[in-house]
Amino acid sequence: MKYVGKKLLTMILTLFAVTLFVFLAFHVISGDPATSMLGTEATPARISALREELGLNDPVLVQYGRWAVNFLKGDMGTSYSYRMPVGDMVSDKIPVTMTLTILAFFMMVIIAIPLGIYTARHAGGVVDRTIYIINQVIMAVPPFFSGILITLLFGRIFKLFTPGAYVSYEKDFLGFVGYLLFPALAIALPKAAMAVKLLRSSVIGESKLDYVRTAYSRGNRTRDVLYLHVLKNALIPVVTFLGMALADMIAGSIIIEQVFSIPGLGRILLTSISNRDYPVVLAVIVCIAVLVLVVNMVVDLIYGLIDPRISVE
Amino acid sequence: MEKELLLQVKDLNIEFHDHLIPETVVYDFDLELREGEIVGLVGESGSGKSMSALAIAGLLSRRDMKKRGQILFEGRDLLSCERDVLRKIQGNEIGIIFQEPMTSLNPVRRIGWQVEEALRIHTDFSKEERYQRAIEMLQSVELEDAERIYRQYPHELSGGMRQRVMIAAAMICNPKILIADEPTTALDVTIQAQIVELLKKMNREKKTSILFISHDLSLVRQLCQRVMVMQGGYVVETGSVQEIFDVPKMEYTKKLIAAIPKVVRKSN
């Protein structure tokens, strides 16, 4: 319980650090929300009136303080470009990005764990060497490009989905998940390739340790030595990696959402950055940061469960 | 009177095959182990004593090592038998403990789980029966608070306690033979003596035959009835403890005996 409290406090402090950093970044990059709202033809007088109205002329820390107080009250402000509450704009995007990330994560696990174990057990064999080459290629290809390849292969050639025809989750949840499978695959593949390599070398490394010899000395079958003894040890570094990969996937979905025209957090983030729509940008960043922090906390807890040497307290 | 012959190793040769040039590490190794007997196998590092022990326990990889000869346990040759036959003997009829108690236990499994493992593999005992047996075993290796240790993890125990756990795990199926591969080398001197006492007790109470591998002749003298001396892959001398210590034939054996610290010899 004490642990959870401590973690929550760290989370809140991290959130403040992240949002403050974003705030400061806005003041470094060029571009002005008032200009982008009114267009380049607007008179300087109107622009400066709008800046005053939006509170953009106040010192940065005052602006940040105002935003933080409102945020704590549950008010994330109003979008500059859409003139609607940011909360409403962002809340229906969260399920989209979360579903995409969760799908990608499960795909990564489903691909990586069996392949990692298989290649470790049959290290040096034909399948192992083939997978090694495929892994190298997949790791070298960035997700947006594999996204394009997947669109081409599954969308255009096999016609398993219609590229660009996004299905809203409110209308047809299964259709929505079906559409997201393909972008999720694009996100999952490079991470899965890394996880296969990591698990393979982890299993092989663990198999050389003394406790494995002890396990054989008790009359265990090779299978049982692998699944009852080696695997739990070998998974420890892999869980760390999967956690980092999941956090990375949340951020990585931004680009894939562009490739597959998915209206998730990533798309709204990119549009609002180019519109200098600061309240929206901040809200999206807060969402992504919270997701990443929660994932890290869960990974820490799982870590403590599989490795008794690590005490969560 | 002769006790029943349990284990007979004939002309065991072990060759490494994981290098370009095959390398022989054990030549023409012969061993007889009778019921209830404790045989010591001594020699310096690299003399082939651990290799012979691992071969008897069936723990040398069949791929990288070429073995010739016979390891007859109750009439069956462990070198040429099916893996399944060997597995039924491992942990059940032949138990083994190792030099490194710190790393020989699985770090992510509870002590109880590991102590019970051989029962899970070789018997139909229920969960409750296994628990009872494990607790009895932990108590018989003189670990205090067996119920608590049952639930602990290896990293929570000291080296001496872990070696006791290893003995409990190796002995749980009442094996006829216990192979102890330098079981005291990694431990403090006081703990060494306790482990040797414990092995004596196992031998006395359960009639387990022990093959005790060590480079420490003073321990061998305390524990064993017969001794085999190995050097460079060959058994160079065999005999009863008295013969070996009082009238060593080989120069090498004399040197090994001379290497025992004087303080220990006086106290004996």
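The values are calculated or read from the model by the stated rules, or taken from the named source; none is laboratory data. These numbers were taken from a predicted model, which means no experiment stands behind them. Cβ coordinates were reconstructed from backbone atoms using ideal geometry, including for glycine residues, and neighbour counts include every protein chain displayed.
In a loop (DSSP other than H, G, I, E, B), without any contact (Cβ under 8 Å) to a residue 12 or more places away in the chain, away from chain A (no Cβ under 13 Å) and not hydrophobic (A, V, I, L, M, F, W, C): which single residue out of B:61, B:80 fits that description?
B:80
When residues of the stretch A:26-48 are filtered for being aliphatic (A, V, I, L, M), surrounded by fewer than 14 Cβ atoms within 10 Å (Cβ to Cβ) and assigned to a helix (DSSP H, G or I), how many remain?
Residues that pass the stated criteria total 2.
If you scan the stretch A:76-96, which residues turn out to be basic (Lys, Arg) and buried (at least 17 other Cβ atoms within 10 Å of the Cβ)?
Correct list: A:93 only.
What number of residues within the stretch A:128-166 are touching a Ser or Thr at 6+ places or on another chain (Cβ under 7 Å) and either among the aromatic types (Phe, Trp, Tyr) or closer than 19 Å to residue A:234 by Cβ (or both)?
Total meeting the criteria: 3.
Looking only at the stretch B:184-207, decide whether some residue is more than 14 Å from residue B:111 (Cβ to Cβ) and within 14 Å of chain A (Cβ to nearest Cβ).
Among the residues of the stretch B:184-207, at least one is more than 14 Å from residue B:111 (Cβ to Cβ) and within 14 Å of chain A (Cβ to nearest Cβ), which makes the answer yes.
Please go through (1) in a strand (DSSP E or B); (2) within 24 Å of residue B:217 (Cα to Cα); (3) among the hydrophobic types (A, V, I, L, M, F, W, C); (4) in contact with a Leu (Cβ under 6 Å, 6 or more places away or on another chain) for residue B:54 and return the number of the only condition it doesn't satisfy.
(1)
This table checks each residue for (1) surrounded by fewer than 21 Cβ atoms within 10 Å (Cβ to Cβ); (2) within 13 Å of the chain's Cα centre (by Cα).
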residue: B:217; (1), (2): no, no
residue: B:224; (1), (2): no, yes
residue: B:232; (1), (2): yes, no
residue: B:242; (1), (2): yes, no
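Any idea which residue in the stretch B:86-129 is modelled with the lowest pLDDT, counting only those that are within 22 Å of residue B:213 (Cβ to Cβ), assigned to a loop (DSSP other than H, G, I, E, B) and at the interface with chain A (Cβ under 7 Å from one of its Cβ atoms)?
Top of the filtered list is B:100.
Any chance you could count how many residues in the stretch A:187-226 are facing another protein chain (nearest Cβ under 7 Å), assigned to a helix (DSSP H, G or I) and of a type in the set (D, E, K, R)?
Selection size over the stretch A:187-226: 2.
Restrict the check to the stretch B:141-151 and report whether at least one residue is within 14 Å of another protein chain (Cβ to nearest Cβ), out of contact with any helix residue (DSSP H, G or I) (no Cβ under 9 Å at 6 or more places or on another chain) and not polar (S, T, N, Q).
There is no residue in the stretch B:141-151 that is within 14 Å of another protein chain (Cβ to nearest Cβ), out of contact with any helix residue (DSSP H, G or I) (no Cβ under 9 Å at 6 or more places or on another chain) and not polar (S, T, N, Q).
Can you name the number of the only condition in (1) over 11 Å from the mean Cα position of the chain (by Cα); (2) in a helix (DSSP H, G or I); (3) away from chain B (no Cβ under 14 Å); (4) among the small types (Gly, Ala, Ser) that residue A:243 fails?
Condition (1) is where residue A:243 drops out.
I'd like to verify a number: residues in the stretch A:144-164 that are buried (at least 16 other Cβ atoms within 10 Å of the Cβ), over 11 Å from residue A:259 (Cα atoms) and touching a helix residue (DSSP H, G or I) at 6+ places or on another chain (Cβ under 6 Å), how many?
Qualifying residue count, the stretch A:144-164: 2.
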